[in-house]
């Protein structure tokens, strides 16, 4: 019975009290299982480290991230100082600066931090959304991996130390500037020019999507003058002694992009006007290294970030559904809501288990993914490298897609409150998740690449063998269905024809890749369980 009461006593205080005291690690029994399964001998140490970090992530950093995301705290650019000097200062809120200093102060890329510890901590940190933290972490991780392979000059070795261990108490932040207006994901179409001048390299030209523009260093693609080959460079944002003077290293930040998500992170258009740059690796291997190292780490992170986002949203939706009543019942008891919560939980577990399994396999791969399909190496190693390369792309497109779906379902469980920015972080996480769908290659680009890869490798790694290697341990009937579909779809010449048959193949290929990834993830869940 519900009688009129002008002083309605209803409140959300019980739910809010739970949320304020929630602990991302302690309240996630499945994630603890995942860590224990993949940590091996590190389990006790990693468990202890996670228990120390988690309260800080779950409470202090969560509150800082939410405050920094309010409209009045959005970052902006100040092009000139009061004396008409061009400075292009990225102005960010105090909350972001505090959180950034504390997160990078964890020294995730130090030699003292194991790869698995880094991964566990990043999983927890990413549950707070982008927050001007996730992209810089990922870009720094890729830069460190790149420099660990190729740093061979005093300048590059110093940058590596700055990113890993810090200099004068400051841990450097990395970025990556690859895309240009004419190509987007088509990095081989880049036109930024690298020129040898006065014993060093200088860059000239424009980059169109440059995220983490506040970073200390950026990995930048450019073509040496007169060459069609893409080379890779590290560009300091400021030369020695110039950061305090706000004199940038031969480039201007023309404008900050207005984008739908990851708004706390600036993305800009940049013009290089003779920026001093340090080549990394062989000039002719720039594209292979950017794809095999830099983009690979970024794409792996999308899987971890997607799982993290889903974990937080699912946990909060479950708690809300248990406390919120409608028609005299907690809404979590309604079958349709219960079905949604179960779908969310399944997505969290499969994505988390799959991401950790794939990351572990990647870390154990000697030589990483910089060796192409034409590399001269034993066939079994060649096949293993191919499998991991394709799974990285498959996970990227599937996990990012699933994450957006899960956040959307989470918002619906909250009803009208689900889209209220001051009630929950779900709208922000939804927008961030949508950005992840496009970051490091949109779905259509990667689907096309995977199809081409399967065709190129078919002479020495038949599609049915690729499927068998990805789904080792699957039920025979499921394995057979995926193998037959793979053989049929890869037999189609390409995905570019305008005819109806090609369109049909494209639709089937899209569904096949999504389902194949889910099957791989489900096997990972079984391993953990």
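The values are calculated or read from the model by the stated rules, or taken from the named source; none is laboratory data. Note that the structure is predicted; figures quoted are calculated from it, not measured. Cβ coordinates were reconstructed from backbone atoms using ideal geometry, including for glycine residues, and neighbour counts include every protein chain displayed.
Yes or no, residue by residue, for (1) in the same structural domain as residue 96 (by TED's automatic domain parsing); (2) without any contact (Cβ under 8 Å) to a residue 60 or more places away in the chain; (3) surrounded by 19 or more Cβ atoms within 10 Å (Cβ to Cβ); (4) in contact with a helix residue (DSSP H, G or I) (Cβ under 6 Å, 6 or more places away or on another chain):
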| position | (1), (2), (3), (4) |
| --- | --- |
| 245 | no, yes, no, no |
| 253 | no, no, yes, no |
| 259 | no, no, no, no |
| 274 | no, no, no, no |
| 277 | no, no, yes, no |
| 280 | no, no, yes, yes |
| 301 | no, no, yes, yes |
| 304 | no, no, yes, yes |
| 311 | no, no, yes, yes |
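Filtering 455, 449, 395 for residues that are part of a helix (DSSP H, G or I) and closer than 29 Å to residue 65 by Cα leaves a single hit, 395. Screening residue 466 against (1) surrounded by 19 or more Cβ atoms within 10 Å (Cβ to Cβ); (2) modelled with pLDDT under 95 leaves a single unmet condition, (2). Number of residues in the range 171-213 that are without any contact (Cβ under 8 Å) to a residue 60 or more places away in the chain and either crowded, with 22+ Cβ neighbours inside 10 Å or at positive phi (or both): the value is 7. The conditions of being in a helix (DSSP H, G or I), touching a strand residue (DSSP E or B) at 6+ places or on another chain (Cβ under 9 Å), at pLDDT 95 or above and closer than 12 Å to residue 413 by Cβ are not met by residue 317.
For residue 108, are the conditions met, namely being without any contact (Cβ under 8 Å) to a residue 12 or more places away in the chain and more than 21 Å from residue 431 (Cα to Cα)? Taking the combined requirement at face value, the residue does not satisfy it. Does the range 365-387 hold any residues that are surrounded by fewer than 17 Cβ atoms within 10 Å (Cβ to Cβ) and over 20 Å from residue 468 (Cβ atoms), and which are they? Within the range 365-387, 366, 367, 372, 374, 375, 376, 377 meet the criteria.
Condition check ((1) assigned to a helix (DSSP H, G or I); (2) free of Cβ contacts under 8 Å to residues at least 60 places away in the same chain; (3) touching a helix residue (DSSP H, G or I) at 6+ places or on another chain (Cβ under 6 Å); (4) assigned by TED's automatic domain parsing to the domain that holds residue 306) across all residues:
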site: 467; (1), (2), (3), (4): yes, yes, yes, yes
site: 482; (1), (2), (3), (4): yes, yes, yes, yes
site: 496; (1), (2), (3), (4): no, yes, no, yes
site: 503; (1), (2), (3), (4): yes, yes, no, yes
site: 509; (1), (2), (3), (4): yes, no, yes, yes
site: 512; (1), (2), (3), (4): yes, yes, yes, yes
site: 515; (1), (2), (3), (4): yes, yes, no, yes
site: 518; (1), (2), (3), (4): yes, no, no, yes
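One residue alone among 53, 46, 64 is in contact (Cβ under 8 Å) with a residue 12 or more places away in the chain, in a helix (DSSP H, G or I) and more than 26 Å from residue 262 (Cβ to Cβ), and that residue is 46. Right, residue 207: farther than 12 Å from residue 223 by Cβ, assigned by TED's automatic domain parsing to the domain that holds residue 99 and either assigned to a strand (DSSP E or B) or out of contact with any helix residue (DSSP H, G or I) (no Cβ under 8 Å at 6 or more places or on another chain) (or both) or not? When the stated conditions are applied, residue 207 does not pass them.
Inspect all residues belonging to the range 214-234 and state whether any of them is touching a residue at least 24 places away in the same chain (Cβ under 8 Å), surrounded by fewer than 24 Cβ atoms within 10 Å (Cβ to Cβ), in a helix (DSSP H, G or I) and over 26 Å from the mean Cα position of the chain (by Cα). Scanning the range 214-234, I find no residue that is touching a residue at least 24 places away in the same chain (Cβ under 8 Å), surrounded by fewer than 24 Cβ atoms within 10 Å (Cβ to Cβ), in a helix (DSSP H, G or I) and over 26 Å from the mean Cα position of the chain (by Cα), so the answer is no.
Condition (residue is touching a residue at least 40 places away in the same chain (Cβ under 8 Å), within 20 Å of residue 212 (Cα to Cα) and part of a helix (DSSP H, G or I)) applied to the range 86-100: is it met by at least one residue? There is at least one residue in the range 86-100 that is touching a residue at least 40 places away in the same chain (Cβ under 8 Å), within 20 Å of residue 212 (Cα to Cα) and part of a helix (DSSP H, G or I).
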